Amino acid sequence: MAITSTLPRIGRLARIRRFSGAGAATVGAAAMALTLVPGSAQAAEPAAAKAAPAVKTAAPAKTAKAAAPAKAATPAKTYADNLDGWIRESLDIMKAKGIPGTYEGLHRNIMRESSGNPNAVNGWDVNAQNGIPSKGLLQVIQPTFDAYHVAGTENSLTDPVANITAAANYAADKYGSIDNVDSAY
């Protein structure tokens with residue numbers, strides 16, 4: 001029977017983070033108790049655990065009940081549906097994927113390339129003359145987008161977050177970072 005089976009099902013995280021009684025035995029009750037003890041009491045727990053490695057099943061279950069709702073209640077991060085929000089969402093994805101870049105570097109290049117218009121299309125340069133116009137906030141062509149698309153973003157060249165993140169990924173590969181780009185790239 002799951003230790004947290006009596007917890008209300010608050011959300012996906014609550015269901016994912018359930019521990020089973022067998023799992024607690026496998027991990028070890030002392031290790032589980034250390035994991036579930038609140039921060040202020042955690043410093044005293046290791047000495048007690050070393051002195052008496054007794055298995056306590058009731059205490060971790062109570063602690064798990066108290067801790068699970070707090071984790072499940074954390075709201076998902078949201079972003080504004082505007083240039084600032086698109087840049088901030090891209091930066092969070094970039095950070096998670098190890099792609100370098102700053103807000104200032106992205107904003108500076110976006111303003112130069114599209115003036116912040118996610119629907120901007122360059123119909124006059126050599127790419128456009130060859131039938132593959134640059135599009136979006138950072139004026140990316142489809143082959144470059146396809147090669148540098150970042151998983152977890154929409155697979156659409158004109159999606160603002162996907163466009164920014166793919167362009168930053170390309171710039172990181174070619175120039176070290178979008179921050180190092182000061183002209184058409």
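The values are calculated or read from the model by the stated rules, or taken from the named source; none is laboratory data. Everything numeric here is computed off the predicted structure, so don't read it as measured data. With ideal geometry, Cβ positions are generated from the backbone for all residues, glycine too; neighbour counts draw on all protein chains shown. Just the protein is used for accessible areas: all its heavy atoms, side chains included, with ligands, DNA and RNA removed. Shrake-Rupley method; radii C 1.70, N 1.55, O 1.52, S 1.80 Å.
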Compare the peptides 155-164, 123-132 by average per-residue count of other Cβ atoms within 10 angstrom and give them in order, highest first.
-> 155-164, 123-132
Rg and Dmax [Cα atoms of segment 88-177; Å; Rg one decimal, Dmax integer] = 12.1, 36
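Sorting ARG88, ARG112 by accessible area (1.4 Å probe), largest first, what list results? Show your work: numbers first, answer last.
Values: ARG88 120, ARG112 95 Å².
The most accessible residue leads, giving ARG88, ARG112.
Kindly report the accessible area of segment 74-185 per residue (heavy atoms of protein chains, probe 1.4 Å, no ligands, DNA or RNA), in Å². Write out the running numbers ahead of the final one.
Values: 5860 Å² over 112 residues.
Averaged over the residues of segment 74-185, the accessible area is 52 Å².
Please find the FRET efficiency linking ASP92 to ASP182, where r is the Cβ-Cβ separation and R0 is fixed at 30 Å, and quote it to the nearest 0.05. Mind showing how you got there, number by number?
On the way: r = 25 Å, r/R0 = 0.82.
According to the calculation, E is roughly 0.75.
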Would you list which aspartates and glutamates come within 18 Å of LYS95, measuring only between C-alpha atoms, while excluding same-chain residues fewer than 8 positions from it?
-> ASP84, GLU104, GLU154, ASP173, ASP179
For LYS77, which aspartates and glutamates qualify as cross-link partners when the Cα separation must be under 17 Å and same-chain residues fewer than eight apart are set aside?
-> GLU89, ASP92
